[in-house]
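Computed from the coordinates by the stated procedures, all read-outs in this text should not be read as laboratory data. Everything quoted here is computed from the prediction, not taken from an experiment. Quick reminder, even Gly has a Cβ in these numbers, built from the backbone with ideal geometry, and neighbours come from all protein chains shown.
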Amino acid sequence: MRRIDPQHPSAARVSVTIDYQERELVAGETLAVALWEVGIRRFRNSVRLKESRAPLCLMGACHECSVMVNSRLVRSCMIAVEAGMTIRTGESE
């Protein structure tokens, strides 16, 4: 996916829910980048040690950026931001 300049006038913002809070993100941006831009640094916790995890490869190979979107576990680097998404990250755990 191509990076979208959030300052560009054509960058449409959409409303999503991140960890129970309404936020506005740039539509079409990869979810991983959009979450990072709003200050999310803990995308998930490791299963065994509960250590925080965040994006690493940004190409879908590592699963470190996995989050829950609309009750489904997804790699956030592989999907685009859409209006109405409900996102749960490791920040809420």
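Cβ-Cβ below 8 Å, separation at least six or inter-chain, first residue in segment 68-93 and on the phi > 0 side of the Ramachandran plot, second among the β-branched types (Val, Ile, Thr): which pairs?
Final answer for the pair search is 70/86; 71/86; 84/14; 84/16.
Name the residues in segment 47-93 that are part of a helix (DSSP H, G or I), closer than 23 Å to residue 12 by Cα and out of contact with any helix residue (DSSP H, G or I) (no Cβ under 7 Å at 6 or more places or on another chain), would you? Please lay out each step first, then the result.
Filtering segment 47-93 for residues part of a helix (DSSP H, G or I) gives 76-78, 90-92.
Filter once more, keeping what is closer than 23 Å to residue 12 by Cα: 76-78.
The answer is 78, and nothing else.
Among the residues of segment 43-65, is there at least one that is among the β-branched types (Val, Ile, Thr) and touching a Gly at 6+ places or on another chain (Cβ under 9 Å)?
Taking segment 43-65 first, the residues among the β-branched types (Val, Ile, Thr) are 47.
Next, from what is left, pick out any that are touching a Gly at 6+ places or on another chain (Cβ under 9 Å): none.
No, every residue in segment 43-65 fails to be among the β-branched types (Val, Ile, Thr) and touching a Gly at 6+ places or on another chain (Cβ under 9 Å).
Being under 12 Å from residue 91 (Cα atoms) and of a type in the set (Ser, Thr, Tyr) is true for just one of 46, 52. Which residue is that? Walk me through how you get there before you give the answer.
On the way: 46 fails: under 12 Å from residue 91 (Cα atoms).
Exactly one residue qualifies, and that residue is 52.
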